[in-house]
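Some notes on the structure that comes next.
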Amino acid sequence: MRLGELSSEEVRTRLTQHEIRLRVGPFSISVASDQPSFWPAFHFLYQDFPLLEDDVPVEFRIGLVYPPGIRRWFRRQVLFFLDDATPFEPFTSALALPFFEWGFNWCIYEHVYEFLVMHAAVLARDGKALILPGPPGSGKSTLCAALAFRGWRLLSDEFALFDIASGALFPLPRPVGLKEQSIGVIRAFASDADVGPTFTDTRKGTVAHLRPPSRAVASADEPAMPHWLIFPTYSRDADNKLEPLAKASAFALASESCFNYRALGVDGFSALSRIIDRCACFEVAFNDIDTMVRTLDQLATRSERT
């Protein structure tokens, strides 16, 4: 059974009186919340995700609740709980959904060590994965969202989860975070894209979340193998070009994008070395999303012919 098969009232009741358990990629999570602004957005964005029975163990038990005292009623705020801990300062209650997404990200990069975890968007075609590492502002999320609506399977907008032994990438399809101008870019690029509510005045400016394509969620148990490692840079002055990148340079850049590379020690070094060896490595500079999508489609087509 999927979350979307529950009514709005059932979602509200479960979140406020108990919890909702979901399978999200390789992780099982539980979510509870007394935040009215959170319920419909969560229901919409996670509607395709499978529900879990109450006796299924979870990695992350997340709560989004009002703090005690006056902030429950005046200038309302929300606290993020992981189990019984509150790792962050309170947010404005109206921002409960983005708070949940950012908090979920923190849970992964702070607590997951069974995978080599890289800050990257990941998509796949025919079992071959395209990895797009990049810091905020690099254009990776916008490019990822565009590719997800042009025949590529979304594995993740935020994290590449590499199996340490085999290098296989485990999907973690979740809502794609869009910021500022990229919200309008994706709405114009893909008329069938389902974008959730827009949130203004966040710490990252104006944000919205793209609901992951249903087929991406349905394929969340199908790993892909690394094939292309591409470092994107968006700039209004860019020339929309794709250039090969030396393996040594790619290794250095990729290691900087890994959250737990140093903590994994020799295992992390060996895993990343094998990934780099498998991948064709490139740098991309672009100023036009349509042009870059065509460029990456052509790259994949050439690979299919060889």
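Observations on the model:
- Residues of the stretch 119-152 satisfying the condition of being surrounded by 24 or more Cβ atoms within 10 Å (Cβ to Cβ) and of a type in the set (D, E, K, R): K140
- Meets criteria (surrounded by 21 or more Cβ atoms within 10 Å (Cβ to Cβ), at pLDDT 95 or above and of a type in the set (F, W, Y)) for F27: no
- Residue within the stretch 255-263 that is in contact (Cβ under 8 Å) with a residue 24 or more places away in the chain, farther than 29 Å from L45 by Cα and surrounded by 17 or more Cβ atoms within 10 Å (Cβ to Cβ) present: yes
- The sole residue among F286, F282, F269 that is at pLDDT below 95 and in contact with a Phe, Trp or Tyr (Cβ under 8 Å, 6 or more places away or on another chain) is F286.
- For the stretch 133-147, the tally of residues that are of a type in the set (A, V, I, L, M, F, W, C) and either over 21 Å from R302 (Cβ atoms) or under 12 Å from the mean Cα position of the chain (by Cα) (or both) stands at 2.
- No other residue among D194, D157 is touching a Lys or Arg at 6+ places or on another chain (Cβ under 8 Å) and buried (at least 22 other Cβ atoms within 10 Å of the Cβ) apart from D157.
- The strands (runs of 3 or more DSSP E) located wholly in the stretch 138-243 that include 1 or more residues which are in the same structural domain as S270 (by TED's automatic domain parsing), under 17 Å from E101 (Cβ atoms) and without any contact (Cβ under 8 Å) to a residue 40 or more places away in the chain occupy 176-179, 199-202, 205-210.
- Looking across the stretch 92-128, the residues that are assigned to a strand (DSSP E or B), over 22 Å from F189 (Cβ atoms) and modelled with pLDDT of 95 or more come down to F115, L116, V117, M118, H119, K128.
- One residue stands out in the stretch 132-169 among those that are out of contact with any Asp or Glu (no Cβ under 6 Å at 6 or more places or on another chain) and among the polar types (S, T, N, Q): the one that is nearest to A250 (Cα to Cα), namely S138.
The values are calculated or read from the model by the stated rules, or taken from the named source; none is laboratory data. These numbers come from a predicted model, not from an experiment. Positions of Cβ are backbone-derived with ideal geometry, glycine not excepted, and every protein chain shown enters the neighbour counts.
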